[in-house]
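Colleague: Let me give you the structure first, and then I'll get to my questions.
The values are calculated or read from the model by the stated rules, or taken from the named source; none is laboratory data. Predicted, not measured: the structure shown is a model, and the values here were computed from it. Here the Cβ positions follow ideal geometry from the backbone for every residue, glycine too, while neighbour counts run over all protein chains shown. Only protein heavy atoms, including side chains, enter the accessible area calculation; ligands, DNA and RNA are left aside. Shrake-Rupley method; radii C 1.70, N 1.55, O 1.52, S 1.80 Å.
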Amino acid sequence: MFETIFSKTQSSSESQISTVTGLTATVITPIPTGGVGEIAYVQAGTRYTAPAREEKGNAVANGQAVKITRIVGSQFYVAAV
């Protein structure tokens with residue numbers, strides 16, 4: 001019985017990550033040219049943060065809206081909206 005309950009309430013982080021691609025996020029730590037900053041995004045009503053690089057290596061200012069284009073390991077890649 002507990003297996004049924006827990007299997008319905010737990011979900012794989014991999015499946016959650018795969019649904020993030022295409023979401024809009026906000027840069028909360030500026031992304032320098034060729035460097036890493038930080039984004040915040042909301043998925044299923046919960047706010048998450050993640051390290052991010054701009055897809056083409058461009059700088060992105062704090063507060064800028066971006067779209068999550070892909071995820072490689074724990075690194076998120078974004079593009080300006």
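Colleague: In the range 54-67, which residues are assigned to a strand (DSSP E or B) and either on the phi > 0 side of the Ramachandran plot or buried (at least 20 other Cβ atoms within 10 Å of the Cβ) (or both)?
Modeller: Step one: list which residues in the range 54-67 are assigned to a strand (DSSP E or B), which gives 54, 60, 65-67.
Scanning the range 54-67 gives GLU54, VAL60, VAL66.
Colleague: Another question about this same structure. Given (1) open to solvent by 70 Å² or more (accessible area, probe 1.4 Å); (2) modelled with pLDDT under 95, identify the lone condition not met by SER12.
Modeller: Every listed condition holds for SER12 apart from (1).
Colleague: Also, I was wondering about something else. Within the range 68-81, can you find the residues that are of a type in the set (Ser, Thr, Tyr) and part of a loop (DSSP other than H, G, I, E, B)? Talk me through it step by step, then tell me what you get.
Modeller: Quick first cut of the range 68-81, residues of a type in the set (Ser, Thr, Tyr) only: 69, 74, 77.
If the condition is that a residue be of a type in the set (Ser, Thr, Tyr) and part of a loop (DSSP other than H, G, I, E, B), then SER74 is the only one that fits.
Colleague: Sort out which residues of the range 39-51 are open to solvent by 50 Å² or more (accessible area, probe 1.4 Å) and either within 14 Å of ALA80 (Cα to Cα) or touching an Asp or Glu at 6+ places or on another chain (Cβ under 9 Å) (or both), and write them in order of number.
Modeller: Taking the range 39-51 first, the residues open to solvent by 50 Å² or more (accessible area, probe 1.4 Å) are 42, 44-49, 51.
Once the filter is applied, which keeps residues that are open to solvent by 50 Å² or more (accessible area, probe 1.4 Å) and either within 14 Å of ALA80 (Cα to Cα) or touching an Asp or Glu at 6+ places or on another chain (Cβ under 9 Å) (or both), the range 39-51 yields THR49, PRO51.
Colleague: On to the next question. β-branched (Val, Ile, Thr), at pLDDT below 95, open to solvent by 60 Å² or more (accessible area, probe 1.4 Å) and in contact with a strand residue (DSSP E or B) (Cβ under 6 Å, 6 or more places away or on another chain), is that true of VAL36? Write out each step before concluding.
Modeller: Numbers: β-branched (Val, Ile, Thr): yes; at pLDDT below 95: no; open to solvent by 60 Å² or more (accessible area, probe 1.4 Å): yes; in contact with a strand residue (DSSP E or B) (Cβ under 6 Å, 6 or more places away or on another chain): yes.
No: the conditions fail for VAL36.
Colleague: Are there any pairs, at least 6 apart or on different chains, whose C-beta atoms fall under 6 Å, with the first in the range 70-81 and in contact (Cβ under 8 Å) with a residue 40 or more places away in the chain and the second among the hydroxyl-bearing types (Ser, Thr, Tyr) and surrounded by 14 or more Cβ atoms within 10 Å (Cβ to Cβ), and if so, which?
Modeller: ARG70/TYR77
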